[in-house]
Amino acid sequence: MQMSHIDDIPSTPGKFKMEKSPYFHRLRWHTSLAKLTFWPIVFLGVLFIVFFRSPSSSPLHSDPSRRSLRTYNWGGSAWEKRVRSSARVRSRNGISVLVTGAAGFVGTHVSAALKRRGDGVIGLDNFNDYYDPSLKRSRQALLERTGVFIVEGDINDSALLRKLFEVVPFTHVMHLAAQAGVRYAMENPSSYVHSNIAGLVNLLEVCKSANPQPAIVWASSSSVYGLNTKVPFSEKDRTDQPASLYAATKKAGEEIAHTYNHIYGLSLTGLRFFTVYGPWGRPDMAYFFFTKDILNGKSIPIFEAANHGTVARDFTYIDDIVKGCLAALDTAEKSTGSGGKKKRPAQLRVFNLGNTSPMPVSDLVSILERLLKVKANRNIMRLPRNGDVQFTHANISYAQRELGYKPTTDLQTGLKKFVRWYLSYYSNGKKAAE
Ligand SMILES: O=C(O)[C@H]1O[C@H](OP(=O)(O)OP(=O)(O)OC[C@H]2O[C@@H](n3ccc(=O)[nH]c3=O)[C@H](O)[C@@H]2O)[C@H](O)[C@@H](O)[C@H]1O
């Protein structure tokens, strides 16, 4: 069989075969070299145009492990003015907070609540496309109307973080930027390492050197309980058996928090959120895409454990979570380090923020059916081994005692508010749930 010249190129130098005539070989070598260098140059040129000239259309968006390669525009006097104005504290005893992941579900709600009570707020978000970025843009528009400016950038960008601390001496950081989702971790593991580990470390590095050091409240996850079977889950229970890489990165975050508290005196509070839901929620979560699929007449996969075992979650409504976040900020003690050195021991806390009322996923579907007035096409299937655990159930007595945390929204009431929002958001004619 005739081989094309491309096939002649040795895969390793050791397998290179000499041609019979040295002249013939040189000629071929030159033409091949010209061809070989031409296409890589064209390719690199295209890459340059796509990645650096037109970041918004960059295919890097769909590869979150490489999101840090995206370029963001920040800096300049107009930008600094916006940052200062958004971060201005307008109430007595108010705090100034850097909210990472501000265009995310929890980030948007927390930012709006802080702003409403007169705190200074600056958001930070990389607007990645893990889920429909247009929803993040809508949340951004919502926050802009309340006076919150979201800086576009990545938590892995130290220069940007240092600049923000140079412009605003933040008293607090509410760190909510993360790669979320339990099941997606099998598809794109590096995105979890990038955001939940590298990004966290980068943020803590900047915080430890800031003067004054901020107090940090950040999002851990109920998933750290993993295969723990002791219910309800208490902060004292074991968390060394994560069932997903997502859970493992959140657990790693808790250990990293311990280290930065221990060495640098950073005040750190981790919040273990339990399946947070509500208006402006995340489309990758079951309650959200079940709603879309029920409305579209598509079948929905409902997981069950072995022997028809019930799969249940301690679904927690967003407004309750926001109250817990604000209480964590308000009770956070100051960090104790300066110049990158710890002066004395600092506060280190971890709280469950759940609802203490687990509900079977099939009950969630029944509530949605009633609210949507559409019968779901249920496809009962075995819980896949891709990171999901069978149930979660929070013991919240520690958060109750220390934060005054008391969830008040049951699943029926919360889903009603979600469905109302969903129908109005997606029936505006413009948008379709992706
Ligand atoms: O508390 C957390 O720390 C996590 O909460 C959330 O994870 P989960 O509790 O897994 O939520 P979610 O995917 O909505 O599945 C809900 C239920 O539906 C079941 N489920 C799911 C998908 C499906 O197709 N079928 C199904 O039955 C499924 O088995 C489960 O029982 C966040 O996404 C995560 O980022 C993290 O914050």
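Would you be able to say whether some residue in the stretch 153-160 is in a helix (DSSP H, G or I), among the polar types (S, T, N, Q), farther than 16 Å from A112 by Cα and in contact (Cβ under 8 Å) with a residue 12 or more places away in the chain?
Yes - at least one qualifying residue is present in the stretch 153-160.
Do you know which residues across the stretch 364-378 are more than 9 Å from the ligand (Cβ to nearest atom) and of a type outside the set (G, A, S)?
Hits for the stretch 364-378 are I367, L368, E369, R370, L371, L372, K373, V374, K375, N377, R378.
Only one of (1) surrounded by fewer than 15 Cβ atoms within 10 Å (Cβ to Cβ); (2) at pLDDT below 95 is not met by R370, so which one is it?
Checking R370 against (1) surrounded by fewer than 15 Cβ atoms within 10 Å (Cβ to Cβ); (2) at pLDDT below 95, the one that fails is (2).
For the stretch 333-378, what are the residues that are closer than 26 Å to S221 by Cα, touching a Ser or Thr at 6+ places or on another chain (Cβ under 8 Å) and part of a strand (DSSP E or B)?
Result: L348, R349, V350, F351, N352, L353, P360.
A quick yes/no check of all residues on (1) at pLDDT 95 or above; (2) within 16 Å of the ligand (Cβ to nearest atom); (3) surrounded by 15 or more Cβ atoms within 10 Å (Cβ to Cβ); (4) part of a loop (DSSP other than H, G, I, E, B):
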| position | (1), (2), (3), (4) |
| --- | --- |
| D388 | no, yes, yes, yes |
| E402 | yes, no, no, no |
| L415 | yes, yes, yes, no |
| S424 | yes, no, no, no |
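List pairs: first residue in the stretch 378-402 and in contact (Cβ under 8 Å) with a residue 60 or more places away in the chain and on the phi < 0 side of the Ramachandran plot, second residue surrounded by 16 or more Cβ atoms within 10 Å (Cβ to Cβ) and part of a helix (DSSP H, G or I) anywhere in the structure, Cβ distance under 6 angstrom, at least six positions apart or on different chains.
That search, which allows pairs on different chains as well, returns T392/S222.
Every residue, every condition in (1) closer than 25 Å to A185 by Cα; (2) surrounded by 23 or more Cβ atoms within 10 Å (Cβ to Cβ); (3) free of Cβ contacts under 8 Å to residues at least 40 places away in the same chain; (4) among the charged types (D, E, K, R), yes or no:
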position	(1), (2), (3), (4)
Y225	yes, yes, no, no
K250	yes, yes, no, yes
H258	yes, no, no, no
T291	yes, yes, no, no
L295	no, no, no, no
K323	no, no, no, yes
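The values are calculated or read from the model by the stated rules, or taken from the named source; none is laboratory data. Since we're looking at a predicted model, the values are computed, not measured. For neighbour counting, all protein chains shown are included, and Cβ atoms are generated from backbone atoms with ideal geometry for every residue, glycine included.
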